[in-house]
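Structure, as C-alpha cells:
The values are calculated or read from the model by the stated rules, or taken from the named source; none is laboratory data. Just so it is clear, the structure is predicted and the values come from calculations on it, not from any experiment. Here the Cβ positions follow ideal geometry from the backbone for every residue, glycine too, while neighbour counts run over all protein chains shown.
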Amino acid sequence: MLRFLAYWLAFFFLFSSFWIANNFGKPSIEQILYHLQFGLQGLVDTDMRLVDNFVQQALLVPLCFALALLVLEIVLAYHLLSHLKSGAQTTKKHYTPLHKLGRIVYWFIHHRAPLYTLLACFMFFAINFSLVTYISQKFGKDYFTENYLNPENVEIQLKKPKNLILIYVESLESSYRDASRFKRNLLQRLEEIDGTSFEHFQQAPGTNWTIAGITASQCGIPLKSLTLYDGNGVGENIKSFLPNATCLGDILHEYGYYNVYMGGDALSFSGKGNFFADHHYDERYGRNELKGNLTEKEMNYWGLFDDDLFVKVKPKLQELHNKKQPFNLTITTIDTHGPDGYYSNLCKKQGAKDFSGIVECTSNQVADFVSFVKKQGYLKDTNIVIMGDHLAMYNPAHEILDAMPKRYIYNKLITQQKISKTRDYIVHFDLFPTILELSGFEVKGGKLALGFTAITPNLIQPNDYDLEQMNEDLLNESETYIELWKPESETPVNTNQAEPNAKSL
C-alpha cells in the first residue's frame, strides 16, 4: 500500500502539473497556494467539465499509472526471483552477468523505485512552479514595509466627482497590436478611440493573475498566499479579503459612490466575490447571478461569453447613470482566457477561427461598448479605464509572445477632461492613485500604498521602477503585509459571504 501511494503521489505531481499548465498557463507556487487557501469552491462553481477534467487527468490517470507500475513491479520481481531461485545452486563465482544484473534490478525495484519516482516527479513540479523562489522569499529583506504608505495616513479630497467605468480585459497586452507578428493589428478598434495610454505598463510580482491584477490596481499592493505559519495562523482559514487594506472601493464608498461589479465567471472563484464584498461594492454579479436562462451549452467553462456579459452590463449602466449618484462600474471579461480562448457565437459570426480572432473580437466588443457609452452621452460625467488584468499566460499565441523582447499590458484612459501623463512607465500599483485622480480626487503627495499617480504633475514620482529589485524582494515575508489580512475580530464570518449578499439579474 505504501508503495502504491508513493507511485500515485508521484504521478499526481506530474499530471497535475500538466493539468495546471493546460488550463492556467504556468502559474507560480504563490498563485497555486493562494487558490488553495480559498478552497475548491471556486472550481466547483465553474463549469463541472473543468472539475471532471481535473478528476480524470490529475486523479484517475495517476491512479492507473500507479496500479500499472505496481503490477509491472510485481511481475518483474516474480520473474527475477524465479531466475535467482533456479540459479540458487550456482556459486557466486559462477554467477553470470545476467544473474548479477537481475540482483541489481531487483534491489533497485524493491528498495528505491517508489522513492526515486516520487522525488523525480516532485522535482519536476517544484522546478515548473518555482518552489525554490517561494522558499527563498521567507528569508529576504522586507521590501513591502520599506515602501508601503498606508492610504489611511494620506489626505484625500474629492474635488470634481466623475463616474468610473473600469474594464479589466482578460490577458490583454499591447503585443497584440504588432501587425508584423499577427498579420494585422488585433486591437485596431481600441487604438482608434481617443484616449491616453501608458506605453510601458509592466507586470510586477504578485500581479500576474486576475484577482491579483484587480487587487494590485485597486489597493496598490501585490497579492500573495498566506499559510497557517504566517502571523499567528492568520492564513489558516481566510474569512475576509484584506480587511485592513484601504482600496479603491472603500474610498469611493466613503465619498458617496455606488460600486457595482459584473463578471462572467463565478464570484467564489479565487475569492473575487470576497474582495468586492469586503471593499464596499454594493452589488456583485457573477456567473450564477447573470446566467438567467442561458444553458450550460450556451456558456463556456468559466461562465458567460463576453457578448452575453455586455448585454447585461448596458442596462445596468443606464440604471446607474439615471440614479444621479456617482458610481463605479467594474467589469471583467473572460473570452481571451487561456489555454485556448472561447469562441462565442458572435465571434464565430465575425469570422474568428483562431485565438487571434478571439482577441480581435473581444477588443472590438470593448470598443463597441465604449461607442455605446459615447452615444448615450455619458462621457460628459463618466470616465472609462480599459486595462488588461495581466500579461497573457499560456495560449495558442505564446510562441509569438515569448519571442518578443518586451511585453506590456494594454491600457487606455478615456475622458473628455484634459490630463497629462507624467511618465510612460507604470505598474499595477500606480493605477490606484491614478484612477482616483482621474475620478476627481486630490491625493496629497500623489502616493498611495506602493503606487504613484501618473497623471498629476508636481507630485511625488518614482525615480525609476527597479523591477529587478521588485522581482527579488517584493513578495518576501512581511509583517506589515500580514497585518493587512488579520481579521478585525475573532467572530466567525461566512467564508462565502459574497454569495448571500449578491443580487441577481
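Here are some notes:
- Every residue from region 157-181 that is crowded, with 19+ Cβ neighbours inside 10 Å and not in a loop (DSSP other than H, G, I, E, B): ASN163, LEU164, ILE165, LEU166, ILE167, TYR168, VAL169, GLU173, SER174, SER175, TYR176
- Helices (runs of 4 or more DSSP H) (entirely within region 244-332) containing at least 1 residues that are among the hydrophobic types (A, V, I, L, M, F, W, C) and surrounded by fewer than 19 Cβ atoms within 10 Å (Cβ to Cβ): 306-322
- Residues located in region 412-460, provided they are in contact with a helix residue (DSSP H, G or I) (Cβ under 6 Å, 6 or more places away or on another chain) and polar (S, T, N, Q): GLN416, THR453, THR456
- Exactly one residue among ILE400, ILE358 is in a helix (DSSP H, G or I), touching a Cys at 6+ places or on another chain (Cβ under 7 Å), more than 26 Å from GLY249 (Cα to Cα) and among the β-branched types (Val, Ile, Thr), and that residue is ILE358.
- Search result, residues across region 319-334 that are of a type outside the set (Phe, Trp, Tyr) and over 16 Å from PHE269 (Cα atoms): GLU319, LEU320, HIS321, ASN322, LYS323, LYS324, GLN325, PRO326, ASN328, LEU329, THR330
- Scan region 144-153 for residues that are surrounded by 17 or more Cβ atoms within 10 Å (Cβ to Cβ) and assigned to a loop (DSSP other than H, G, I, E, B) and the total you get is 1.
- Count - residues of region 435-479 that are free of Cβ contacts under 8 Å to residues at least 12 places away in the same chain and under 20 Å from LYS162 (Cα atoms): 0
- Out of LEU431, LEU436, LEU448, LEU475, one residue alone is modelled with pLDDT of 90 or more, outside any helix (DSSP H, G or I) and surrounded by 15 or more Cβ atoms within 10 Å (Cβ to Cβ). It is LEU448.
For every residue, the table says whether it meets (1) within 30 Å of LYS183 (Cα to Cα); (2) among the hydrophobic types (A, V, I, L, M, F, W, C); (3) in the same structural domain as ILE165 (by TED's automatic domain parsing).
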position: HIS398; (1), (2), (3): yes, no, yes
position: THR415; (1), (2), (3): no, no, yes
position: HIS428; (1), (2), (3): yes, no, yes
position: LEU448; (1), (2), (3): no, yes, yes
position: GLN461; (1), (2), (3): no, no, yes
position: MET470; (1), (2), (3): no, yes, yes
position: ASP473; (1), (2), (3): no, no, yes
